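Input: one structure, supplied below.
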Amino acid sequence: MIPFASLAQNHSIEINSDAGIFNSAFSVETILNSLDYIDDNQKIELLNSMSEENTIYLDVNNEIKYSSPKGMSIALGNHINMYGKFGDDIFRLALYGNTSMLGEQIDLLPLEGFLYHYSDITFGYKFSDNFSASLSLIAGHQFVSGEFTSLSLTSGEFGESFGYDISAEGIEVGDWGEYFDNPEDLLISDDKFGNLFNSNGQGVSLGFDYTDEKFGGKYSLSVKDLGFINWSEEVTNHFEITNSDELEPIQIDDISDIDADTYFSELDTLEELFQPYLKSYKYTLPTRLSGSFNKAITSNLVDSYTVSVDHRLGLYSVPRLSIDLHRAINQHEFVLGYHLGGLEQRGFQLKYNYNSKNIRFSAYTKQVNFIDASTSYGYHLGCGLGYYF
């Protein structure tokens with residue numbers, strides 16, 4: 001849902017911002033009911049809400065853009081994107097411990113995710129009424145990713161032993177230990193807040209837009225985020241872990257004579273697995289492919305409709321599809337739509353536009369369901385403000 005488009009014949013300054021967090025497994029009501037003590041019924045409800053593959057997704061975008069009548073534009077943006085995928089068995093393990101898997105071997109895959117934060121400066125040019133292109137120069141701030149290619153656990157029939165087989169790799173850019181240990185310092189310390197915007201990587205991306213008319217309506221095709229971020233070697237920690245073992249409880253016959261060396265040797269063995277090394281890393285951005293078709297219709301209730309498709313390579317298993325109905329009343333436009341696919345639970349979306357000679361305002365959400373906690377699987381809110389002169 002794009003807030004609004006620039007008028008080619010005018011100068012314009014636009015500010016756009018949107019933020020959303022979505023998950024595929026748990027409704028907001030289920031999450032809120034689980035923040036305190038979780039009884040057996042709630043544990044069963046949580047597990048029944050899950051599928052074999054579950055996702056969580058965060059998307060935050062902020063941008064200020066200037067466009068000239070000659071088709072040139074420049075924009076400054078800041079973006080945060082997070083994605084995680086996990087199975088139901090690892091959640092069952094977290095809820096019940098290994099008592100739920102006595103005498104079993106369970107596969108805890110899939111388990112993977114990433115988070116990245118970057119800023120960009122984007123130069124755009126409109127070559128014709130139909131075609132425009134953009135080039136973004138990127139400064140990467142933070143990045144973390146991890147993927148388990150093997151993760152299985154076994155437990156003795158009576159819990160007398162616990163075995164694991166693990167193979168994983170991860171990458172970390174940024175002082176994540178400091179972020180989690182002292183998150184309040186990020187807000188009260190100017191220096192530490194500024195560290196969130198350190199340049200730890202450089203990149204570039206391209207964008208293309210094409211619009212035309214067909215079948216009595218207008219259609220658009222778009223390619224965004226066609227690029228990469230190259231994270232610098234001196235700040236990029238790599239982790240590679242491959243190990244399997246079977247652990248047995250340490251027998252204590254006399255509490256005054258505990259064999260501490262045996263205990264700590266087990267911990268040292270596990271700690272040695274997490275030895276990072278420095279190496280640069282090129283991260284390919286999830287390229288966004290989009291298309292839409294808008295056509296006016298004759299109706300007392302609806303002025304036009306828009307059918308849209310959005311896909312992010314390597315991120316969406318199926319494209320996000322939506323249909324919107326538009327109704328304009330004087331300077332006000334109301335848009336009600338329905339979406340499915342992508343990384344969101346299907347549901348309604350809503351948008352409001354205000355249009356005047358010099359001012360345009362837009363507010364929208366992809367999750368109208370947030371008003372009902374039992375059917376809402378996320379929150380989203382976006383707004384845009386444009387001045388044309």
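Could you work out the relative contact order of segment 1-136, using alpha carbon pairs under 8 angstrom and six or more residues apart, expressed as a whole percent?
24 percent.
With contacts defined as alpha carbon pairs under 8 Å and 6 or more residues apart, what's the relative contact order of segment 298-386 in percent?
Details: 182 pairs, mean separation 16.4, N = 89.
So the answer I get is 18 percent.
Which of these, GLY342, GLY77, GLY194, has the largest mean-square fluctuation under a Gaussian network model of the chain (Cα springs below 10 Å)?
GLY194
For the chain, what relative contact order do you get, as a whole percent, if you take Cα pairs closer than 8 Å and at least 6 residues apart?
On the way: 942 pairs, mean separation 64.8, N = 389.
Dividing the mean separation by the residue count of the chain yields 17 percent.
Mind listing the phi-derived Karplus ³J(HN,Hα) values for segment 36-48, rounded to whole Hz, using 6.51, -1.76 and 1.60 with θ = phi - 60°, and x for any glycine or proline?
These are the phi-based 3J(HN,Hα) values: 9, 4, 10, 8, 4, 5, 5, 4, 5, 5, 4, 5, 5 Hz.
Which value in nm describes the separation of the simple spin-label points at PHE389 and LYS295, placed 7 Å from the Cα toward the beta carbon?
It works out to 4.1 nm between the two label points.
What are the extents of the Cα atoms of segment 12-388 along their three principal axes, in Å, largest first?
85, 48, 40
Rounded to the nearest 0.05, what FRET efficiency do TYR96 and LYS282 have when you use their Cβ-Cβ distance and R0 = 41 Å? Numbers along the way, then the final one.
Values: r = 41 Å, r/R0 = 0.99.
That gives a FRET efficiency of 0.50.
Rounded to the nearest 500, what is the 222 nm mean residue ellipticity of the chain from helices alone, with -39500 (n - 2.57) per DSSP H run of 4+ residues and division by all residues?
Computed ellipticity for the chain at 222 nm equals -3500 deg cm²/dmol.
While we're looking at this one, here's another question. Report the Stokes-Einstein translational diffusion coefficient (µm² s⁻¹, integer) for segment 1-123, Rh taken as the Kirkwood radius over Cα pairs, at 4 °C with viscosity 1.567 mPa s.
On the way: Rh = 18.1 Å.
So the translational diffusion coefficient is about 72 µm²/s.
Based on the Cβ-Cβ distance from PHE123 to LEU313, what FRET efficiency comes out when R0 is 22 Å, to the nearest 0.05? Spell out each step's value before the answer.
Values: r = 23 Å, r/R0 = 1.07.
E(calc), rounded to 0.05, equals 0.40.
Suppose the chain between SER51 and LEU32 were pulled fully straight at 0.36 nm per residue; how much longer would it get relative to their current alpha carbon spacing? Don't skip to the end; give the middle numbers.
Working: separation 19, 0.36 × 19 = 6.84 nm, distance 1.98 nm.
Contour length minus the Cα-Cα distance gives 4.9 nm.
Please compute the length gained on full extension between THR242 and ASN61, using 0.36 nm multiplied by the number of residues separating them and subtracting their Cα-Cα distance.
Details: separation 181, 0.36 × 181 = 65.16 nm, distance 3.66 nm.
Full extension from THR242 to ASN61 adds 61.5 nm.
How high is the FRET efficiency from GLN42 to LEU336, r the C-beta distance, R0 41 Å, rounded to 0.05? List each step's numbers first, then the result.
Working: r = 35 Å, r/R0 = 0.84.
It comes out at approximately 0.75.
Sticking with this one: Against the longest principal axis of the chain, how steep is helix 260-272, in degrees 0 to 90 to the nearest 10, with axes from Cα atoms?
30 degrees
For the pair ARG327 and ASN230, how long in nm is the line joining their label points, each one 7 Å along Cα→Cβ?
If labels sit at ARG327 and ASN230, their model points lie 5.4 nm apart.
Follow-up question, since we're still on this one. Using the 10 angstrom Cβ neighbour count as an exposure proxy, how do THR306, THR211 rank, fewest first? Spell out each step's value before the answer.
Values: THR306 20, THR211 16.
The most exposed by this proxy come first: THR211, THR306.
Would any residue of segment 230-244 have its amide N under 20 Å from a label point 7 Å out along Cα→Cβ of THR149? List them or say none.
Output list for this probe position: 237-244.
Coordinate-derived values only; no laboratory data. Note that the structure is predicted; figures quoted are calculated from it, not measured. Heads up, the Cβs are rebuilt from the backbone with ideal geometry, glycines too, and the neighbour counts pull from every protein chain shown.
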